[in-house]
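> Handing you this structure, nothing more for now.
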Amino acid sequence: MPATTSTAPGKIILFGEHAVVYGRPAIAAPVKEVRARAVVKANPRGPAGEIRIQAPDLGVEAELGQLLAGDPLARAVRGTLAALRLSSPPAMNLRVTSTIPIAAGLGSGAAVSVAVIRALSAFLGRPLRDEQVSSLAYEIEKIHHGSPSGIDNTTITFEKPIFFVKSKPVQIMQVSLPFSIVIADTGIASSTAASVGQVRRAWGAHKDHYEALFDSAGAVAEAARQCIEHGLVESLGPLMDANHGILSKMGVSSPELDHLVKAARAAGAWGAKLSGSGQGGNMIALVSTKTGPQVAEALLEAGAVRAILTQVANPR
Ligand code: MEV
């Protein structure tokens, strides 16, 4: 059996994080500059059913049976075998590596799941369809936090900019004019589970207030969709600023995120906001080809541990 390799990108949420968990629309795009990679090889000397897993970035080196049932890698492997109805697969080795920063809001967990599901199903001669890959990865997302919207696994599986509404069919976006984004990392680990949990508790205690914030975020995402589809790139800047304000009111920003958002605007970005679950992790800034390098530089000077310049464009 020939070895198979599969990779999957990171993702950014352009508009609508958190509100998307409550049924409002959101927009996300793949980040192709960082990727998770899974390689599956036959192990002709191993007994049938033995699957050795190596994931140095996650500190994992074990046989499948040694991993806890809830381990995301074990769930990806077992979920794939179950989807293929295979109880005794041939002996094989799975190696997972990733350049996607962990706990930074860039979808590293979903990207690892998607890469593993694809590499394994292809190795076993029955590559799964995108919809199946995404829904298996969604099941694993539930380990990271109980009520994921599904936006991360969908964006990463389809590797296209998407307009996303929870439990609705995926809508691939037409990007009329490509635009550039700087992604900058506060270096502070951000737990999606903690942040989503905090918003859920606050929503439970102040339902009307949070519902109104979710509505505002949804309206911003709808307006942003129009701008993206009509090539009104600069108009996305004030919408990003507005979305950051709404997320701050939800309580998911942090002094470090606010500091980077201000630094990006001061360096010439058209707009900036936190991206993902917040309380740390990454922020994004909308830039032109001219201002991109200076905004990235300013963000590093302001304390970002990493800055990535990416483009949001129609898939080729
Ligand atoms: C995380 O990337 C985005 C959140 O909206 C959670 C979710 O949609 O599942 C915070």
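The values are calculated or read from the model by the stated rules, or taken from the named source; none is laboratory data. Everything numeric here is computed off the predicted structure, so don't read it as measured data. Don't worry about glycine lacking a Cβ; one is built from the backbone with ideal geometry, like all the others, and counts go over all protein chains shown.
> Just to be sure before I move on: is Ser135 within 10 Å of the ligand (Cβ to nearest atom), more than 22 Å from Ala313 (Cα to Cα) and surrounded by fewer than 24 Cβ atoms within 10 Å (Cβ to Cβ) in the structure I sent?
Details: within 10 Å of the ligand (Cβ to nearest atom): no; more than 22 Å from Ala313 (Cα to Cα): yes; surrounded by fewer than 24 Cβ atoms within 10 Å (Cβ to Cβ): yes.
No.
> Of the residues that sit in segment 147-166 and are touching a residue at least 40 places away in the same chain (Cβ under 8 Å) and small (Gly, Ala, Ser), which one is nearest to Gly218 (Cα to Cα)?
Per the stated criteria, the residue is Ser149.
> Of the numbered conditions (1) in a helix (DSSP H, G or I); (2) at pLDDT 95 or above; (3) over 13 Å from Phe15 (Cα atoms), Ala193 fails exactly one; give the number of that condition.
Every condition holds for Ala193 apart from (2).
> Out of all the residues in segment 247-272, which are within 16 Å of the ligand (Cβ to nearest atom), touching a strand residue (DSSP E or B) at 6+ places or on another chain (Cβ under 8 Å) and without any contact (Cβ under 8 Å) to a residue 60 or more places away in the chain?
Listed by number, the list holds a single entry, Ser253.
> Hey, can you tell me all the residues within segment 35-63 that are touching a helix residue (DSSP H, G or I) at 6+ places or on another chain (Cβ under 8 Å), under 21 Å from His144 (Cα atoms) and modelled with pLDDT of 95 or more?
Selection gives Arg35, Ala36, Arg37, Ala38, Ile53, Ala55.
> Looking at segment 280-316, which of its residues are in contact with an Asp or Glu (Cβ under 8 Å, 6 or more places away or on another chain) and small (Gly, Ala, Ser)?
Correct list: Gly280, Gly281, Gly303, Ala304, Ala307.
> Can you say whether Phe123 is more than 15 Å from the ligand (Cβ to nearest atom), modelled with pLDDT of 95 or more, over 17 Å from the mean Cα position of the chain (by Cα) and among the aromatic types (Phe, Trp, Tyr), as far as the supplied structure shows? Walk me through how you get there before you give the answer.
Working: more than 15 Å from the ligand (Cβ to nearest atom): yes; modelled with pLDDT of 95 or more: yes; over 17 Å from the mean Cα position of the chain (by Cα): yes; among the aromatic types (Phe, Trp, Tyr): yes.
The answer is yes for Phe123.
> So which of Gly237, Gly231 ends up being on the phi > 0 side of the Ramachandran plot, among the small types (Gly, Ala, Ser) and away from the ligand (no atom under 13 Å from the Cβ)?
Gly231
> Out of the residues in segment 86-133 that are polar (S, T, N, Q) and part of a helix (DSSP H, G or I), state the one that is farthest from Leu257 (Cα to Cα). Working first, answer last.
Residues of segment 86-133 polar (S, T, N, Q): 87-88, 93, 97-99, 108, 113, 121, 132.
Those left that are additionally part of a helix (DSSP H, G or I): 108, 113, 121, 132.
Working: Ser108: 20, Ser113: 28, Ser121: 39, Gln132: 35 Å.
Checking each candidate, the answer is Ser121.
A quick yes/no check of all residues on (1) at pLDDT below 95; (2) surrounded by fewer than 24 Cβ atoms within 10 Å (Cβ to Cβ); (3) out of contact with any helix residue (DSSP H, G or I) (no Cβ under 7 Å at 6 or more places or on another chain); (4) not aromatic (Phe, Trp, Tyr):
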site	(1), (2), (3), (4)
Ala111	no, no, no, yes
Ala115	no, no, yes, yes
Ala119	no, no, yes, yes
Asp130	no, yes, no, yes
Lys142	yes, yes, yes, yes
His145	yes, yes, no, yes
Ser149	no, no, no, yes
Thr155	no, no, yes, yes
Glu159	no, yes, yes, yes
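> Looking for something closer than 30 Å to Ala296 by Cα, more than 10 Å from the ligand (Cβ to nearest atom) and over 14 Å from the mean Cα position of the chain (by Cα) - is there at least one such residue anywhere in segment 189-209?
Looking for residues that are closer than 30 Å to Ala296 by Cα, more than 10 Å from the ligand (Cβ to nearest atom) and over 14 Å from the mean Cα position of the chain (by Cα), one finds at least one in segment 189-209, hence yes.
> Does Lys32 meet the test of being within 23 Å of Leu274 (Cβ to Cβ), surrounded by fewer than 23 Cβ atoms within 10 Å (Cβ to Cβ) and away from the ligand (no atom under 16 Å from the Cβ)?
Details: within 23 Å of Leu274 (Cβ to Cβ): yes; surrounded by fewer than 23 Cβ atoms within 10 Å (Cβ to Cβ): yes; away from the ligand (no atom under 16 Å from the Cβ): yes.
Here the answer is yes, as Lys32 does meet what is asked.
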